[in-house]
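The values are calculated or read from the model by the stated rules, or taken from the named source; none is laboratory data. This structure is a prediction, so every number in the text was calculated from the model and none was measured. FYI the Cβ positions are ideal-geometry reconstructions off the backbone, even for glycines, and counts take in every protein chain you see.
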Amino acid sequence: MDSPVPRSASWVLLLYLASIAMSACSGPGSGRVAPVAQVAALRSDAGAQVKSTLSREHTVVVDIPEAQLKAGFEQVVARCTSDTAHHCAILQSDLSSGDTPSGLIKLRIDPEAVEDLIALAAAQGKLERRSTQVEDLADAVADTQAHIEMLTSYRKQLLELQAKAGTNVDAAIKIASELSTVQTNLERFNGEAAYQTKRTTTDVVNIDFVVAEHKASWRPVHEAFRDFLGNLSNGVSQAVTAVAYIVPWLFVVLPGLYLVRYLWRRRGR
């Protein structure tokens, strides 16, 4: 007959299972989290260990001559791509030409390199606007760290229980299932912590290149000459299409007019 799990081990497992009955969920399908009182205490300790919890996003608008748009855009992109020392990474880039030429670069970089990068972008034209948005992630960071500490501690307890389970298959299966759930939640919170660390240690910079005077006085004339052959071709095609629609009606209208004229003459007699 299998030996049962020690009462103390079973009591710890049952006590925890009861304590997480009112767990909080961070999203659909998320697992159990710490009790409210325990999380609050751990959040207080975790918050004291965090150096910076501010996430910054900068936006700059640069008015640039159309002739320099592509070169200026590529220069900023090349600067970021080569700046591995400040962990610069392009998140989004978009260069448009035509009637509304513009360029957009969204990147992430270390805070100490933000000013130099913005200065480089502004040097391509004229700095029209600059803004900075700051978000304090203190509560989210502390909450995530609290859950990580709680889950790490609980996983340690489960491993100790698993070692004491011996040959009790039923208890071993329950403990293994609980360990799997705890590990899944721990990996999820570690992922959130890594993302929060990235947001608080690097800044996001949005560089918007605009061509304010993209409709110069000579440009409409230039565009008219450029599109002359295309417009002429469209005009001829439309005229041919109109004739094609009119010709069939001539076989109806002309005989009809002739008949009306004939009847009118007979009536006049």
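Among the residues of the stretch 115-139, count how many are in a helix (DSSP H, G or I) and surrounded by fewer than 20 Cβ atoms within 10 Å (Cβ to Cβ).
Adding up the residues that qualify gives 8.
Would the stretch 45-67 turn up any residue that is surrounded by 15 or more Cβ atoms within 10 Å (Cβ to Cβ), touching a Ser or Thr at 6+ places or on another chain (Cβ under 6 Å), modelled with pLDDT under 65 and not assigned by TED's automatic domain parsing to the domain that holds residue 131?
Checked the stretch 45-67: no residue is surrounded by 15 or more Cβ atoms within 10 Å (Cβ to Cβ), touching a Ser or Thr at 6+ places or on another chain (Cβ under 6 Å), modelled with pLDDT under 65 and not assigned by TED's automatic domain parsing to the domain that holds residue 131.
Can we say residue 113 is modelled with pLDDT of 95 or more, over 23 Å from the mean Cα position of the chain (by Cα) and among the aliphatic types (A, V, I, L, M)?
Judged against the criteria, residue 113 is not a match.
If residue 221 satisfies every condition in (1) loosely packed, with under 13 Cβ neighbours inside 10 Å; (2) at pLDDT 95 or above; (3) not hydroxyl-bearing (Ser, Thr, Tyr) but one, which is the exception?
All conditions are met except number (2).
Please go through the stretch 98-114 and pick out each residue that is exposed (fewer than 13 other Cβ atoms within 10 Å of the Cβ), more than 24 Å from residue 196 (Cα to Cα) and either in contact (Cβ under 8 Å) with a residue 12 or more places away in the chain or of a type in the set (A, V, I, L, M) (or both).
99, 100
Could you tell me which numbered condition residue 92 fails, if it satisfies all but one of (1) in a strand (DSSP E or B); (2) more than 23 Å from residue 195 (Cβ to Cβ)?
(2)
Evaluate the stretch 53-63: report whether one residue or more is farther than 29 Å from residue 192 by Cα and within 23 Å of the chain's Cα centre (by Cα).
The answer is yes, given that some residue of the stretch 53-63 is farther than 29 Å from residue 192 by Cα and within 23 Å of the chain's Cα centre (by Cα).
Quick one: how many residues across the stretch 161-177 are within 43 Å of the chain's Cα centre (by Cα) and part of a loop (DSSP other than H, G, I, E, B)?
0
From the list 172, 176, 122, exactly one residue is touching a residue at least 12 places away in the same chain (Cβ under 8 Å) and in contact with a helix residue (DSSP H, G or I) (Cβ under 8 Å, 6 or more places away or on another chain). Which is it?
Result of the check over 172, 176, 122: 176.
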